[in-house]
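Heads up: the structure comes next, in structure tokens.
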Amino acid sequence: MIVLLYKMNKMKKYIAVTLLLCLGLTACDTDFLDRSPHTSIPDGEYFQNDKDMETYVNGFYDSMMSAVYRDLGSDNISFTNADPDIMDQVIIGNISSANVNKWTTSEWSKLRSINYFLTNLDEVVAGPEVINNYVGIARFFRARFYYDKVKMYSDVPWYNTALDIDEQSLYKAADSRVLVVDSVMKDLQFAVDHITTDLGQRTRITRAAALTLMTRTALHEGTYRKYHSELGLQNDYMFFIEKAIWACEEIMKEGTFRLYGSSATDYGDLFCSEKLTSNPEIILTIAADVGLGVANNTHIVLGHYSGLSRDLMETFLMKDGTPFTSVPGYDKKTFVEIFEERDPRLREIISYPGFTESPNSNPYIPGPKLGGYDQLKFFPKNESLRKGWGMNFTSLPVYRYAEVLLIYAEALAEKGTITQADLDNTINLIRKRVEMPPLSLATANANIDPVLEAAYPNVSGSTKGVLLEIRRERRVELACEGLRQDDLKRWGVGERFAFPQYGMYIPALGAYDMTGDGKYDLAILASADDWGPIAHLPTEERENISKYYLEDGFYLTNGTSGHIAFTSQRDNNRQWVNPTYYYLPVDRKQTVLNPQLKQPFGWK
């Protein structure tokens, strides 16, 4: 139920505000200024006690209930056949100010709800510590809201009060990125300084969660300013790098969190377990609850809509710590062969030969239409936790300690002060968990991987080699957690979005063993009229084997051999426009209604 928060003698004023805001923000799809989208408060216009604050603030968590478990719109994805990310549309020229539809009332109403709370606490009867705890949580969510907008548009209007008819801000111009980000950092610092730490809570915002958002935000902003000359802010990026370092150190010295387990299986369990609230690596989680119907749809990662890319697969090291791309013939290894002697996390992220969805089921067979590298990470391996569409009861990590260690290592490398001891306390702890050899600072800087060097050509300096390896480790460890697109943007390598992505290697048309048991599981043929490559098979096997035909959404890069490629990527003009495509356009309707709003960086 939506409850009006205002007394009747103010109703006329707020109706007027509603009409103005609908004109100023979007084509009036909801009168959000006159209502709270979260919950009601007791009699009276203002919050009165700590219970009122807690109840209202709990509504802010709605925005975090859809954790990301895919890397759509990035080079970690080979192909998507449904629900393409907006970046997939940007790079083929399908996005414009006429159809972007992102600057909506429903989006900005989230901010209005937060600001309403922050400006209506005058009558609360509670101690300052209690009040500041909830203020800190609200400012955490405001910081999160605004930095997401900065990542989309760079400059955005900053509002720190619930909009009122007496204000002249309904049609204001966007504020500078500098002002908005400084305000975001102040919100986060307040949250860190005032949120009461509850070490037993992993489903609510704690000081550690605020520190994690701070370090994620600071690293993003620092590296974004460093690698984006269009902002003209390259001279002040170090402040944010140092803030990221400080926030990481605050989390690390607290001693509450540590990496979970000592095997690749333990790593995989972080993403498909029923409960994570007692897991020492988890800083914040979305907890599944059968009784409350809190569930997810994570089973779709396995072969439903998208596959993982050859480029991601090749990033994983060999088990001895050497690059897979340095192995002779690496680019012609079959599906079964690419898993041999590799970083054990590969088998936790990509469906491997012989994987079964249930203990008594037949081996899972990935098909070529998504590339063959089907995502396994986040798939609920326990059959009892898969109860149907949207009914998977696995808890999902939002923030985890491994990311903090990766941010710390990257920030130190960007600062130029990273030491071997720093690597041992960060990257090498992550590698040790999955029984991978440690990263050597001296070796990484002396023997730079040419593949990484080509992928990130704007990296330079004395720590270039180790920074590239930290980026490798980040990509591998955090694969499918929804961070890759932001990483490519902040590192200033947007051209990678336009690169076509590929799937598994096919030596020739014919039948293939995908499970490693010596039996044929599928056949790839030129057409339904040409069964020649499988003519030698026994009649029953030839007729019953799963068959896939070229040009049915995919083809091979060399005609009748090569890596699986995708006709949609071939037939669309994929291009990167720098720096325009790092940002989204503002909905044209908004720039008409509010001429002070300008399009960012080349959008029209």
Determine whether segment 445-459 contains at least one residue that is within 15 Å of the chain's Cα centre (by Cα) and either assigned to a helix (DSSP H, G or I) or within 26 Å of Glu230 (Cα to Cα) (or both). no
Find the helices (runs of 4 or more DSSP H) located wholly in segment 328-441 whose residues include 3 or more that are in contact with an Asp or Glu (Cβ under 8 Å, 6 or more places away or on another chain) and not basic (Lys, Arg), and list them. 401-415
Failed criterion for Lys604 (all others in (1) within 30 Å of Gly492 (Cα to Cα); (2) open to solvent by 20 Å² or more (accessible area, probe 1.4 Å); (3) at pLDDT 95 or above; (4) not aliphatic (A, V, I, L, M) hold): (3)
Failed condition for Pro359, given (1) modelled with pLDDT of 95 or more; (2) surrounded by fewer than 21 Cβ atoms within 10 Å (Cβ to Cβ); (3) not small (Gly, Ala, Ser): (1)
Could you grab me the full set of residues in segment 573-592 that are open to solvent by 70 Å² or more (accessible area, probe 1.4 Å) and touching a residue at least 12 places away in the same chain (Cβ under 8 Å)? Asn573, Gln575, Asn578, Arg588, Lys589
When you go through (1) open to solvent by 30 Å² or more (accessible area, probe 1.4 Å); (2) more than 26 Å from Asn578 (Cα to Cα) one by one for Ile427, which number turns out not to apply? (1)
Here is a list: Ser97, Ser113. Which entry is farther than 30 Å from Arg472 by Cβ and in contact with a Lys or Arg (Cβ under 7 Å, 6 or more places away or on another chain)? Ser97
Note on segment 260-276: residues open to solvent by 30 Å² or more (accessible area, probe 1.4 Å) and not in a loop (DSSP other than H, G, I, E, B) are Thr265, Asp266, Asp269
Which residue out of Asp50, Asp75 is at pLDDT 90 or above, surrounded by fewer than 19 Cβ atoms within 10 Å (Cβ to Cβ) and of a type outside the set (A, V, I, L, M, F, W, C)? Asp50
Which ones in segment 516-562 are among the β-branched types (Val, Ile, Thr) and open to solvent by less than 40 Å² (accessible area, probe 1.4 Å)? Ile524, Ile534, Ile545
Could you grab the pairs with beta carbons closer than 9 Å, sequence gap of 6+ or different chains, first residue in segment 286-315 and on the phi > 0 side of the Ramachandran plot, second one charged (D, E, K, R) and in a loop (DSSP other than H, G, I, E, B)? Gly303/Asp374
Considering every residue within segment 149-159, establish whether at least one is basic (Lys, Arg) and either touching a Gly at 6+ places or on another chain (Cβ under 8 Å) or in contact (Cβ under 8 Å) with a residue 60 or more places away in the chain (or both). yes
For Lys377, state whether it is of a type outside the set (A, V, I, L, M) and either over 23 Å from Ser78 (Cα atoms) or more than 26 Å from the chain's Cα centre (by Cα) (or both). no
Qualifying residue in segment 306-319 (condition: over 18 Å from Thr265 (Cβ atoms) and exposed (fewer than 15 other Cβ atoms within 10 Å of the Cβ)): no
Output for Cβ contacts, cut-off 6 Å, separation at least six or different chains, first residue at negative phi and of a type outside the set (Val, Ile, Thr) in segment 52-77, second open to solvent by 40 Å² or more (accessible area, probe 1.4 Å) and assigned to a helix (DSSP H, G or I), reads Asp75/Asp311
Among the listed residues Ser109, Ser176, Ser154, which satisfies the condition of being surrounded by 19 or more Cβ atoms within 10 Å (Cβ to Cβ) and modelled with pLDDT of 95 or more? Ser154
Among residues belonging to segment 494-508 that are surrounded by fewer than 19 Cβ atoms within 10 Å (Cβ to Cβ) and of a type in the set (A, V, I, L, M), point out the one that is nearest to Lys547 (Cα to Cα). Ala508
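The values are calculated or read from the model by the stated rules, or taken from the named source; none is laboratory data. Given the structure is predicted, the values throughout are model-derived calculations rather than measurements. Here the Cβ is made from the backbone with ideal geometry for all residues, glycine too, and neighbour counts use every protein chain on show. All accessible areas refer to the heavy atoms of the entire protein, side chains included, with ligands and DNA or RNA removed. Shrake-Rupley method; radii C 1.70, N 1.55, O 1.52, S 1.80 Å.
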